[in-house]
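One structure below.
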Amino acid sequence: MIDILIEGGRTLVDGEIAETSLQVAGSDIASVDSHSGRAALTIDAADLLVLPGIVDIHGDAFERQMMPRPGVDFPIDVALIDSDRQVIANGITTVFHGTTCSWEPGLRSIDNARGLLEAIEALRPQLAADTRFHLRQETYNLDAEDEIKAWLADGRIDLLAFNDHITTAVHNPKKPEKRIRMAERTGLSFEAFDQLVERTISRADQVPGSIARLAQAAGTAGVATLSHDDATPAMRNEFRDLGVTIAEFPINVETAKAAAAAGDFIVSGAPNVVRGGSHTGWTKASDMIAQGLCSVLASDYYYPAQLLAAFRLVADGILPLPQAWALVSSAPAQAAGLTDRGTLQAGQRADIILVDDTVALRPRVVAVIAAGRLVHLTETDRVTRSAPALSKVAAA
C-alpha cells in the first residue's frame with residue numbers, strides 16, 4: 001500500500017463540487033485541500049469527478065454468476081470473484097451480498113446461504129470491494145432460526161432483512177409466473193413444490209414469534225435490520241416496533257410516507273430509476289425520490305444501476321449531483337451503521353472513485369481506490385509514480 005495524491009478533480013466535499021486535491025495515506029484519506037502535496041503515486045483527475053465510493057446494501061446480482069440458468073451451477077468462489085470485478089468496475093467499494101435464506105431447496109436454501117457465508121469469509125482478504133453478508137431471511141423458514149441467531153451472536157451477519165415471498169409471490173394469483181420461476185429455481189417438480197408450499201404455510205402461526213426473536217438477536221448484536229416489501233403503514237409500524245428501521249422497497253406511497261414520517265431509511269432499487277419504472281409495476285422510484293420518500297438506492301439485481309441512477313436523477317432535474325450521490329454513498333453507509341465511509345473527509349476510509357461524466361447519462365468509471373489501494377484503472381496515462389514508488393513495486 002502506497003500513499004496516493006489525487007490532483008485537480010471536481011471533488012464532492014461537504015455537499016458541494018469543488019476543484020481540490022485529496023491525499024491518501026494508508027487506508028484512509030489524510031487530507032482534503034486545494035494544494036498539491038507529495039505522494040508515491042499521483043493521479044491526474046483533471047476533467048473528472050472525484051466521488052465517494054458507492055455503498056450497495058442490497059444486491060443479489062451475484063446469483064447470476066452462481067446460477068446463470070436454472071439448474072446450471074458454478075462454484076461459489078468463482079462467482080464471488082467475478083462479482084467482485086463487476087462491483088469494482090461500477091464504482092461499488094462496499095457491497096452487501098443479499099443472500100436469501102429460504103424454506104426452498106436449491107439456490108436460496110439454508111445450505112447455499114451457509115456455503116456463501118463461508119466463501120465470503122474465506123475470500124474476503126483477496127476481494128477488492130469490502131464484501132459483507134446481508135442475510136435475507138424468509139420469515140417462513142422457521143427451522144433456520146437457531147442457526148441465524150448463532151451467526152448473529154458470532155458477528156457473521158452484517159445486515160438482516162425479513163422477507164415473505166411465500167405470501168407476496170407464491171400465493172399471488174395475479175402473478176402466476178412468480179410461482180413458476182420459484183419452482184424452477186428449486187429444481188422440484190411443480191407438484192412437489194406445491195406440496196412444500198402447503199407444508200410451509202401450515203406453520204404460519206409461528207412466524208411472528210420467530211421474527212420478534214430474530215429482531216431482538218440482531219439488536220443485541222448491533223446489526224441493522226430491514227423489512228422487505230412492506231405493503232401497509234401498519235406493517236411498517238409493526239416492524240419498527242421491533243427495532244427494524246429500514247424499509248426496503250415499500251410497495252406503495254402510503255407505506256413510504258409512514259416510513260418517512262417516522263424517520264426510517266427507505267430503500268428503492270436503482271434499476272427502477274434507470275429504467276424509468278418498476279419491473280414489478282409498483283412505485284416509480286424517481287417519483288418517490290422527488291417527494292422525499294426514498295433515502296437509499298441499491299443495485300438490487302444490476303450492479304451498474306447505482307452509478308447510472310445518480311446521473312439519471314441529475315439529468316432529469318430531480319436532484320443535483322451531491323444529493324443524488326448521497327443516495328448511493330453516505331445514506332446507505334449510515335443505514336448500515338458504517339460511520340467510516342460514504343463521504344470524502346480526512347480520517348474517513350479511502351474509498352474513492354474517479355468518473356468521466358462527459359457523455360450525458362453514461363458516466364464512466366476511470367479509477368477506483370478501495371481502502372487506499374488503487375484497484376481499478378482504465379487510463380494509465382493519468383498516473384505518475386515517484387522513484388521510491390517504482391522501487392516498492394519492483395520489490396513486490
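Odds and ends about this structure:
- Of the criteria (1) crowded, with 17+ Cβ neighbours inside 10 Å; (2) modelled with pLDDT under 95; (3) basic (Lys, Arg), which one ARG38 fails: (1)
- For region 194-217, a residue qualifies if it is without any contact (Cβ under 8 Å) to a residue 12 or more places away in the chain and open to solvent by less than 50 Å² (accessible area, probe 1.4 Å), and exactly one does: GLY209.
- Members of region 367-383 that are surrounded by 14 or more Cβ atoms within 10 Å (Cβ to Cβ) and β-branched (Val, Ile, Thr): VAL368, ILE369, VAL375, VAL383
- For region 242-260, the candidate set comprises residues that are outside any helix (DSSP H, G or I) and over 16 Å from the mean Cα position of the chain (by Cα); within that set, the residue that is farthest from ALA161 (Cα to Cα) is ASN252.
- Counting only strands (runs of 3 or more DSSP E) that fall entirely inside region 261-366 and contain at least 1 residues that are open to solvent by less than 10 Å² (accessible area, probe 1.4 Å) and over 24 Å from ARG136 (Cβ atoms), the qualifying elements are 352-356.
- Residues that are in a helix (DSSP H, G or I), more than 19 Å from SER102 (Cβ to Cβ) and touching a residue at least 40 places away in the same chain (Cβ under 8 Å) were ranked within region 218-238; the one that is least open to solvent (accessible area, probe 1.4 Å) is ALA221.
- Which numbered condition ARG136 fails, given (1) open to solvent by less than 50 Å² (accessible area, probe 1.4 Å); (2) at pLDDT below 95: (2)
- Sole exception among (1) closer than 25 Å to ILE57 by Cα; (2) modelled with pLDDT of 95 or more for ALA231, by number: (2)
- Of all residues in region 149-169, those that are over 14 Å from PHE249 (Cβ atoms) have Cβ atoms under 6 Å from Cβ atoms of residues that are open to solvent by 40 Å² or more (accessible area, probe 1.4 Å) and outside any loop (DSSP other than H, G, I, E, B), 6 or more apart or on another chain, in LEU152/ALA221; ASP158/ARG132.
- For region 124-147, residues that are over 18 Å from the mean Cα position of the chain (by Cα) and part of a helix (DSSP H, G or I) total 8.
- Sole residue being free of Cβ contacts under 8 Å to residues at least 60 places away in the same chain, buried (at least 21 other Cβ atoms within 10 Å of the Cβ) and within 30 Å of GLY372 (Cβ to Cβ), chosen from LEU117, LEU127, LEU80: LEU80
- Considering region 148-169, the residues that are among the acidic types (Asp, Glu) and more than 17 Å from VAL207 (Cα to Cα) include one that is farthest from the chain's Cα centre (by Cα), namely ASP154.
The values are calculated or read from the model by the stated rules, or taken from the named source; none is laboratory data. Just so we're clear, the structure is a prediction, and the values are computed from it rather than from any experiment. Every residue, glycine as well, gets a Cβ built from its backbone with ideal geometry; the counts of neighbours run over all protein chains shown. Heavy atoms of the whole protein, side chains included, go into the accessibility calculation; ligands, DNA and RNA do not. Shrake-Rupley method; radii C 1.70, N 1.55, O 1.52, S 1.80 Å.
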